[in-house]
Amino acid sequence: MVRRTPIRAGVALSLACMTGAVLIAAGTPATSAEGTTDAGSYLAPRFTAADLTGDDAVTQEDVDLLAGRVGTTSADDGWAAVSAADHDGDDTITVTDVARLAQAMIYDDGKFELVEASVLDMQAAMNAGVLTSVDLTRQYLDRIEAYDNAKVDPAANGRPLKSIISTNPEALELAAEADAERAETGMTSVLLGIPVALKDNYDTKDMPTTAGCACWEENQTQDDAEMVEGLRAQGAVVLAKASLDEFAYGFSSQFSAFQGVTVNGDTTTQRSTLVASPYATSKTAGGSSGGTGASISANLAALGFGSDTGGSIRVPSSYNQLVGVRPTVGLASRDGIVPLALSQDTGGPMARSVSDAAIAMDAVVGVDENDTVTQRQIGKVPSSYTKYLDPNALEGKRIGYFPQMVPSLTATNAGQAAAARRFEQAKTDLEAQGATVVPVQMTAEEGTAFTRVLNEGSGSTNEFKHDLAQYMASHLSPEVEANTLQGIIDSGKFAPAYRSTYVQRNGITEETYQAWAGPNGSHTTQLALGHTQVTALLDAQDIDAVVYPSGTQYGTFSTNMRLSPNTGMPAVTVPMGADAADPSAGMNLEFLGRQFDEGPLLGLAYDYEQGTRHRTTPALYGPLAQEAP
């Protein structure tokens, strides 16, 4: 993966306009009634469409060029060089056009506020010299130190977040390198100097990769996961490793790494702990990427990454009011990510806005010879996912839903009834933004086939031992003694609640694995069939995407999380608000589309997000004293 073309932005604007006023910011953060930050600005096309100098970005050089051409008309010889900046279409370059162009720069010299800041807010402040990456990284490290292991919830049953397993001792050095690069060559990437938290199943050369297990505390790998290499190539600062459900097993985010032991006489017991939701710390943050979910929601890092086999990005995104992307398997390499079940494993971003998620996606896609399934993406990856972020993307679209994936409004389960109410409101909101929302029609035979799709199990039981062995053979540090699944069991260094799970999965034979996940295995066959069947339903009814609730209040609903992994189709989950009965319990709306349609899905989710703005900031984790405006 290579660094993008330099995107320069000057540290000061010198434009003098006859109007006596110049608009120079990419956008000062605007707070809604719900306390959310406006993350509506994005890279393409707003910050690229009027580029005049050929570097695929609007920079100070473009503004200076246009300022020197005020008065140029369409009848003049030099019109072609500046016509892209004729914003009002009057065939004349005016002071107003220059001011409008200046607005498209990623630049803001106003006061920077960390909480809920978007990636572009950070870049605008760094380009203006208001902020450095070192400052930004230090602020996030301060928040981790102040908040992650402290009980800040006054409720008697409140708990610490426990969202971070380790912080990077080289983070400030990496940030300084990013600052030096910016000073020398400008903003070479939209991720330059942006601090990122990674689920602790992504290999990193500067922090151990524990997979949440005490048995792997010495797993210091020699290199990065391929997705992490992509982030570093774009100048991102790898800030921390986020906690997770041990070996990504489930949705509770229980882990034992660096938790110590309890000694009682001759008995030593490994300790474990749980990740808490920043909205109500007595509740779970979900899993298995719960640490990423809690930390990004509590503003302990700018962006996060998780992995998803059967819901592990989307569940914690829903519990923590985040945007989560489960990409098509094959869009991003899994090499260097500790596997759970490679038939369905995929890594993806978790962010506070759709814009940030799209920016993050650009850095991690690509073909990798160490993960041959990535060959499937050739010819299907756009130049940038940000180009789909259209506030009118829903206009004229046909959005479907499967009634069996929606809870009943009359459900006796309060969480399900709440999700049903939010989904009904989401349908209304989608239609208000120009979409047509219809139930997907199925014959009895199609309905039976669709039920089989939803009911196909996860590969985590039958595939884990086989796939983990492959990872251990190629990535595990030789310092780790527990280098087989049996060795993990024998070590006793894991969450005690998972002993039976380890024993069960250790008993899976190669014959069982092949019958399940081999080339002609039952699971392999059903996944391919599921993709064909659901895609055919969408095609036959001209449906652009399907929507459904990602879950209920701190819970899942039925087998909704299975639709994406059981068809190989990508999903984007976005906040759809909380029910009035419990404002702390946000829920998400999930968009599912055709394979490699992440771009159009992000566009639909962006339009919905911009029209509803449901994300709220966790009140318990506001600005620190030194951050306060």
Revision key, fill the gap. SASA check, Ser282, accessible area w/ 1.4 Å probe, all protein chains in place, rounded to nearest 10 Å², comes out at 50
Review point. Taking the Cβ of Gly487 as the center, what net charge do the other residues with Cβ under 11 Å away carry, scoring Lys and Arg +1 and Asp and Glu -1?
Key: -1
Check your understanding: If you average the sequence gap of Cα pairs under 8 Å that are 6 or more apart and divide by the length of the chain, what percent do you get for the contact order?
Key -> 15
Review point. With a ≥ b ≥ c the root eigenvalues of the C-alpha gyration tensor of the range 330-466, is it rounded (a/c under 1.5), prolate (a/b larger than b/c) or oblate?
Key: oblate
Exercise for review: With +1 on each Lys and Arg Cβ and -1 on each Asp and Glu Cβ, and nothing else charged, work out how big the dipole of the chain is about its Cα centre, in Debye to the nearest 20.
Suggested key: 1880
Review point. Ignoring ligands, DNA and RNA, how do Ser460, Ser522 rank by accessible area with a 1.4 Å probe, largest first?
Key: Ser522, Ser460
Practice item. Output the relative contact order of the range 445-513, whole-number percent, from Cα pairs under 8 angstrom with separation of 6+ residues. Key: 40
Check your understanding: With a ≥ b ≥ c the root eigenvalues of the C-alpha gyration tensor of the range 108-198, is it rounded (a/c under 1.5), prolate (a/b larger than b/c) or oblate?
Key -> prolate
Revision key, fill the gap. Rounded to the nearest 10 Å², the 1.4 Å probe accessible area of Trp216 is 0
Check your understanding: Within the range 389-467, which GluC sites (Glu not before Pro) sit in a loop by DSSP and count at most 12 neighbouring Cβ atoms inside 10 Å?
Key -> Glu395
Practice item. Specify whether the C-alpha gyration tensor of the range 492-608 places it in the rounded, prolate or oblate class, a ≥ b ≥ c being the square roots of the eigenvalues: rounded for a/c under 1.5, otherwise prolate if a/b is larger than b/c and oblate if not. Key: oblate
**Study point:** Distant-in-sequence amide H partners of Ile165 (H built 1.01 Å from N, under 5 Å)
**Key:** Lys241, Ala242, Ser243
Revision key, fill the gap. Among [x] 1.16; [y] 0.96; [z] 1.56, the entry matching Cα Rg over 2.2 N^0.38 Å as calculated here is [y]
Point to revise | Rough spin-label spacing in nm, given labels placed 7 Å along Cα→Cβ, for Phe258 and Ala581 | key: 4.0
Check your understanding: Residues with beta-carbon under 11 Å from that of Ala85, excluding Ala85: net charge, scoring Lys, Arg +1 and Asp, Glu -1?
Key -> -3
Exercise for review: Working with all protein chains in place, sort His475, His523, His531 by solvent-accessible area computed with a 1.4 Å probe, largest first.
Suggested key: His531, His475, His523
Practice item. For the chain, give the share of DSSP beta bridges that are antiparallel, in percent and rounded to the nearest 5; count only bridges with both residues there. Key: 75
**Study point:** Cα centre as origin, Lys/Arg/Asp/Glu Cβ charges: the range 48-104 dipole, Debye
**Key:** 140
Review point. How do Ser383, Ser166 rank by accessible surface area computed with a 1.4 Å probe, from largest to smallest?
Key: Ser383, Ser166
Check your understanding: Tell me, what is the FRET efficiency for Gln222 and Leu172 to the nearest 0.05, using R0 = 25 angstrom and their Cβ-Cβ distance as r?
Key -> 0.65
Exercise for review: Using per-residue counts of other Cβ atoms within 10 Å, averaged over each peptide, order 591-598, 265-272 from highest down.
Suggested key: 591-598, 265-272
Point to revise | Environment charge of Ala176, counting only residues whose C-beta is closer than 12 Å and scoring Lys/Arg +1, Asp/Glu -1 | key: -4
Study note, to complete from the structure: Counting only protein heavy atoms and leaving out ligands, DNA and RNA, the solvent-accessible surface of Asp64 at a 1.4 Å probe, in Å² to the nearest 10, equals 80
Review point. Taking the Cα centre of the chain as the origin and placing charges on Cβ (Lys, Arg +1; Asp, Glu -1), which of Val574, Ala497, Ala360 is farthest toward the positive end of the dipole?
Key: Ala497
Review point. List the lysines whose alpha-carbon lies under 16 Å from that of Lys199, not counting same-chain residues fewer than 8 positions away?
Key: Lys162, Lys241
Review point. Using modelled amide H (1.01 Å from N, peptide plane; none on Pro or chain starts), what sits under 5 Å from the amide H of Tyr548, excluding residues fewer than 5 places away?
Key: Glu590
**Study point:** Zone of Ile378's modelled label, taken as backbone nitrogen in the range 319-342 under 17 Å from a point 7 Å along Cα→Cβ
**Key:** 330-333
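The values are calculated or read from the model by the stated rules, or taken from the named source; none is laboratory data. Keep in mind the model is a prediction, meaning the values are calculated, not measured. Please note: Cβ atoms are built from the backbone with ideal geometry, for glycine as well, and neighbour counts cover all protein chains shown. The accessibility values were calculated without ligands, DNA or RNA, using every heavy atom of the protein model including side chains. Shrake-Rupley method; radii C 1.70, N 1.55, O 1.52, S 1.80 Å.
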